[in-house]
Amino acid sequence: MSDQRHKAERFRELHIPGKPFVLFNVWDAGSAKAVTASGASAIATGSWSVAHAYGFGDGERLPLAIAIDNLRRIVGATDLPVTIDLESGYGYSAEHVGDTIGLAIEAGAVGCNLEDSFPADGTLRATVDQVARIRRARQAAETAKISFFINARTDVFFQGPADQHDEARVAEAVERARACADAGADGLFAPGLNNPGLIAHLAEASPLPLNIMVDDATPPLQALAGHGVARVSHGPRPYLLAMKALEQAARTALA
């Protein structure tokens, strides 16, 4: 546990606005070893990738027991801090979310993502409900006496296409970020947002360091640094890249 606590502190220190670190998301122990060998600072799972690697769809369809066992194997495959994507926390209640966080910490994680949407349909939870879930997650971390990094993911920008993103959505994200920060969250994750001006406004207004996820329209890393971003995730893209390379190699071999 002392080593895990040290890794948790190292991971927390990586979150510097304007100096974003990159998480090239993994899905198993083998991919974790490959990303570790690249010189990465930390390891992060991606729920979509892990689920599909095991033959499930995203949205907490992957059984929690498998997700935690997979996490334990990843932690054992690297000396880097590991954060896990726990989607909505695998629980209908805040108490269940706290239990899930306890399992993740026991398996060696130093952080997690917790999103504010319902897995079944992607609609947003009420802020008060998300706050309760984050508060229980923080209590679980305090019980374990570890500086566990809770990355509060808001799916505000998944509620409409990118060309409809505007200052009103940023304001909603900031409101949620402030409530989550008061409940014990450590970071704000805003996937789906790729507009440079809105990213800059969100990073400036958020009380928490901002995490952006890469998509085809995301500004380059240097630009994200200039906009005040602290963390950049690649989500399912590494898995898709690897599977495409495997498919192409197989086609060549079988031709």
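The values are calculated or read from the model by the stated rules, or taken from the named source; none is laboratory data. Computed from a predicted model, the values in this text were never measured in an experiment. Cβ atoms come from the backbone with ideal geometry, glycine included; neighbour counts cover every protein chain shown.
A few points about this structure:
- Matching residues, the range 205-219, being among the small types (Gly, Ala, Ser) and surrounded by fewer than 22 Cβ atoms within 10 Å (Cβ to Cβ): 205, 217
- Residues located in the range 64-111, provided they are touching a residue at least 12 places away in the same chain (Cβ under 8 Å) and of a type in the set (Phe, Trp, Tyr): 90
- In the range 115-146, the residues that are among the aliphatic types (A, V, I, L, M) and in contact with a Phe, Trp or Tyr (Cβ under 9 Å, 6 or more places away or on another chain): 124, 137, 140, 141
- Residue selected from the range 76-93 under the condition on the phi < 0 side of the Ramachandran plot and crowded, with 23+ Cβ neighbours inside 10 Å, by the criterion nearest to the chain's Cα centre (by Cα): 85
- Selected residue (criterion: farthest from residue 45 (Cα to Cα)) from residues of the range 75-125 that are aliphatic (A, V, I, L, M) and part of a loop (DSSP other than H, G, I, E, B): 120
- Residue satisfying condition, being surrounded by 13 or more Cβ atoms within 10 Å (Cβ to Cβ), aliphatic (A, V, I, L, M), touching a helix residue (DSSP H, G or I) at 6+ places or on another chain (Cβ under 9 Å) and more than 30 Å from residue 3 (Cα to Cα), within set 183, 223: 223
- At least 3 residues being in contact (Cβ under 8 Å) with a residue 12 or more places away in the chain, in contact with a strand residue (DSSP E or B) (Cβ under 7 Å, 6 or more places away or on another chain) and more than 19 Å from residue 135 (Cβ to Cβ) is the threshold, and among the helices (runs of 4 or more DSSP H) wholly inside the range 145-249 those reaching it are 196-205.
- Taking the numbered list (1) surrounded by fewer than 17 Cβ atoms within 10 Å (Cβ to Cβ); (2) outside any helix (DSSP H, G or I) in turn, residue 128 passes all entries but (2).
- Where residue 10 falls short, out of the listed (1) surrounded by fewer than 19 Cβ atoms within 10 Å (Cβ to Cβ); (2) in contact with an Asp or Glu (Cβ under 8 Å, 6 or more places away or on another chain): (2)
- Qualifying helices (runs of 4 or more DSSP H) (wholly inside the range 1-66; at least 2 residues being more than 21 Å from residue 218 (Cα to Cα), more than 18 Å from the chain's Cα centre (by Cα) and not polar (S, T, N, Q)): 2-13, 29-37
- Answer residue from the range 28-71, given it is of a type in the set (Ser, Thr, Tyr) and surrounded by fewer than 22 Cβ atoms within 10 Å (Cβ to Cβ) and is farthest from residue 243 (Cα to Cα) among those: 41
- Top-ranked residue in the range 141-156 [being buried (at least 21 other Cβ atoms within 10 Å of the Cβ) and among the charged types (D, E, K, R); ranked as nearest to the chain's Cα centre (by Cα)]: 153
- Taken together, the criteria place residue 138 among residues that are at pLDDT 95 or above, out of contact with any Lys or Arg (no Cβ under 7 Å at 6 or more places or on another chain) and crowded, with 16+ Cβ neighbours inside 10 Å.
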